[in-house]
Amino acid sequence: MQKPPQSIDFALKETSPKIGAGAVTGDKLSSTYDLVEQMQYLYVRVVKAKDLPGKDVTGGCDPYVEVKLGNYKGVTKHFEKKNNPEWNQVFAFSKERIQASVLEVYVKDKDVVADDLIGRALFDLNEIPKRVPPDSPLAPQWYRLEDRKGDKAKGELMLAVWMGTQADEAFPEAWHSDAASVGPDAVASIRSKVYLSPKLWYVRVNVIEAQDLVPNDKSRFPEVFVKAMLGNQALRTRISQSKTINPMWNEDLMFVVAEPFEEPLVLSVEDRVGGNKDETLGKCVIPLNMVQRRLDHRPVNSRWLNLEKQVIVDGEKKEIKFASRIHLRICLEGGYHVLDESTHYSSDLRPTAKQLWRPSIGILELGILSAHGLMPMKTKDGRGTTDAYCVAKYGQKWIRTRTIVDNFMPRWNEQYTWEVFDTCTVITVGVFDNGHVHGGAGGARDARIGKVRIRLSTLEADRVYTHSYPLLVLHPSGVKKKGEIQLALRFTCSSLINMLHMYSHPLLPKMHYIHPLSVIQLDVLRHQAMQIVSTRLSRAEPPLRKEVVEYMLDVDSHMWSMRRSKANFFRIMGVLSGLIAVGKWFDQICNWRNPLTTILIHILFIILVLYPELILPTIFLYLFLIGIWNYRWRPRHPPHMDTRLSHADAAHPDELDEEFDTFPTSRPSDIVRMRYDRLRSIAGRVQTVIGDLATQGERFQSLLSWRDPRATTLFVTFCLIAALVLYVTPFQVVALLAGIYVLRHPRFRHKLPSTPLNFFRRLPARSDSML
């Protein structure tokens, strides 16, 4: 089923940026930082000052440094009453925007009325040296300060001034002239940063039994269960079948936890004394640092733990230890991979325990060049503006580019590298609008502009892919293009043998197959892992905010969507379209639409019947030839978001509104009723199809069940006759006669259904026993 191409506006475009990859230049940058365009910057590192004169009546000064280049001005923090201050602050001025020939560095004394000039240093831009990593950083020098007339002033300033590129190690920490309008409090929120996801573990708690419980009401049989809490995760066992003071469960509870372990595991044994009333019979607290770490399926040692109970004495809670105990096995599972993202877009499949990791098979390099055509995401001073930054996630490493302030065509030109352990993984790149540049309120959120996913297994090794990807976001009003992002990507394979051998390994660590977790367990644990990752990264500085992490991890991908359901149905039809096409072709052969082709098929069939050892070689040779033939039309670019495949460009507005509805719903009752009725009608059709499939299966079962004694008699008799005939007749003769019968000429056919089909349709099913 060939789907029509999507709009050219939503398509991928190949680009030719001026990057170093593949170019022969004398610049060292070309070999180490070659997936981005070079951007020249003037760097000024203000280190410290000494012997500054006192400007106020007390003989002290409140110094700060002002670095000025044309219309751009950067200012350090000021110190109270300090004559030998240290700043160690870096300023970066984009060479593209330099409109002056002199760099001016002023040391000033902060005052209530007007700041006094202590001294200055001037630099001719033509005399500033150029530095390219991996050259060592330029050593700062002491410069004698001058007054406005050029005469020597008291005090000295230690500076380093050089021309460099974004490859310079000072680049991430620098104050940028592009962000001159950003206040000092918000500077941290616009810098580039590398983050690491917390190391996640599964915690398995096998609750075996408890002994010598002391229920408050001894006149009834206790209904006891165990409740386990770890942070904001709470699980409970079923109520024990043995309703005694020595209950048994032998039940597993699974949690997700991140290093460093901040909270203990709390187990409480509770008695269900009423409909909604539980009494705590005992409690124990287990620090996770003391828990055994398991790397394989070998059982861990069980432990008996004492339970503690709180009693109220004279109005105060006191803990008393008594003879009740609980029997447990508890371990940190290092042999599993803790799923923290959708399984379809996983970027990492390694187990938690580092000693179980296989060696890396290559390097992934990503150059985030620029974006263009971005839409206004917010309003400032009565006009639309966008403060864009990128986030990329692969494995445990997240990167965040610097924020380009108030620009619809931002140029980042930042390059990052990841180790690759499995090519069947996906890198995700998202673009966001920074809502905290101008001191956004506490409720401000970073708005999503769009994201791109690239599967590494679709990339050729050592090839540089330079494409412009559309940034598509689904809104309740439909799919919107928010701009385009230009990326450069290269996957370098370090070991071809290891990479090819990887295709024979299971996708997940072996513990997922030896002791598999249920689908429901995996869904719950994945949700918990996503919450832990988003909470930890939102506490970093600058924070990678919760809404950003959730968008990158596709937190809501499991929610119901009519549009996504339709898209998945048509994906299944696309997969089956090949079989349907083969069926139509075979029907044409049987009906002699093209006599020459049918005769050739007859000849091929007779050859294969006479020489059956050629059947499998013929099939595999045919598949080989198809693969070689399709090589000419192989994809030459990475896959990207497809609006037609997603049914995003043809979705009904009400279906989109339903997709963006909260859970539980927040829509009016009449809309919910209409959607419920629509869902019932769809479910009714699905129910009919499932019923028809069940009917066909039950008819097969009734062939030998004697539910219809006459039909079963006929079938059993036919089986006896067929067994005798096939025993005395060579198989090749039977196959030849059957094939010629199936391929017979239309004049020997009739339009009525065949006898076997008529017999099958008359067989009984259990549908007449349904209410």
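The values are calculated or read from the model by the stated rules, or taken from the named source; none is laboratory data. None of the values given here were measured: they were computed from a predicted structure. A quick note on method: Cβ atoms are made from the backbone with ideal geometry, for glycine too, and the neighbour counts reach across all protein chains shown. Just the protein is used for accessible areas: all its heavy atoms, side chains included, with ligands, DNA and RNA removed. Shrake-Rupley method; radii C 1.70, N 1.55, O 1.52, S 1.80 Å.
Per-structure values
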read-out	value
Electrostatic dipole magnitude of the chain [Cβ: Lys, Arg +1; Asp, Glu -1; Cα centre; debye, to 20]	2460 debye
Two-decimal Rg to Rh for the stretch 626-771 - Kirkwood Rh, Cα set	1.18
Relative contact order of the chain, defined on C-alpha pairs under 8 angstrom at six or more residues apart (%)	11 percent
Probe 1.4 Å, accessible area per residue of the chain, Å²	56 Å²
Accessible carbon and sulfur surface of the stretch 624-771 relative to its total accessible area, %, 1.4 Å	67 percent
Portion, in percent, of the accessible area of the stretch 114-174 that falls on carbon or sulfur, probe 1.4 Å	47 percent
Size of charge dipole - the stretch 86-129 - debye, nearest 20, with Cβ of Lys, Arg +1 and Asp, Glu -1, no other charges	180 debye
Dipole of the chain, positive end: most advanced residue of L736, P63, H515 [Cβ charges, Cα centre]	L736
The stretch 519-622 pair-distance distribution - Cα-Cα, 5 Å bins, rounded %	2, 9, 10, 10, 11, 8, 6, 6, 6, 7, 8, 7, 5, 3, 1, 0
Interchain or long-range residues, amide H under 5 Å from W249's placed H	E209
Protection-proxy order for peptides 762-768, 406-412, each taking the mean of Cβ atoms within 10 Å per residue, highest first	406-412, 762-768
Largest-first principal axis extents, alpha carbons of the chain, Å	120, 89, 57
The stretch 385-464-the stretch 533-591 distance, computed between alpha-carbon centres (Å)	21 Å
Per-residue [θ]222 nm for the chain (sum of -39500 (n - 2.57) over DSSP H runs n ≥ 4, rounded to 500)	-7500 deg cm²/dmol
Convex hull volume of the stretch 98-188 per residue (C-alpha atoms, cubic angstrom)	144 Å³
Exceeding the 24 Å Cα-Cα cut-off - candidates K68/K378; K50/K149; K354/K510	K68/K378
Hits among lysines - C-alpha to C-alpha of K584 under 27 Å, sequence gap 8 or more where chains match	K3, K566, K751
Given charges at Cβ of Lys, Arg, Asp, Glu: the chain dipole, positive-most of F255, L645, S360	L645
Listed peptides 487-500, 246-259 by packing density, highest first (mean Cβ within 10 Å)	246-259, 487-500
Magnitude of the charge dipole, the stretch 639-771, Cβ model with Lys/Arg +1 and Asp/Glu -1, debye to 20	1180 debye
Under 17 Å from the Cα of K243 - aspartates and glutamates, other chains or at least 8 residues apart	E209, D212, D217, E223, E251, E270, D271, D278, E279
Amide proton proximity set for S494, modelled H, under 5 Å, gap of 5+	G362, I363
3J(HN,Hα) from dihedral phi, the stretch 536-551, Karplus parametrisation 6.51/-1.76/1.60, rounded to Hz, x for glycine, proline	5, 5, 6, 8, 6, 9, x, x, 8, 5, 4, 5, 5, 5, 5, 5
J(HN,Hα) series, the stretch 376-389, from Karplus relation 6.51 cos²θ - 1.76 cosθ + 1.60, nearest Hz, glycine and proline x	x, 9, 7, 10, 9, 6, x, 9, x, 8, 9, 10, 8, 9
Fraction of the pair-distance distribution of the stretch 578-672 above 20 Å, Cα-Cα pairs, percent	69 percent
For the stretch 376-535: rounded, prolate or oblate by the Cα gyration tensor [a/c cutoff 1.5]	oblate
For peptides 135-141, 348-354, 286-292, sequence by mean Cβ density within 10 Å, most packed first	348-354, 286-292, 135-141
FRET E, pair E86, L196, Förster distance 30 Å, beta-carbon r, rounded to 0.05	0.50
Percent carbon-and-sulfur accessible area, the stretch 346-427, ignoring ligands, DNA and RNA, probe 1.4 Å	53 percent
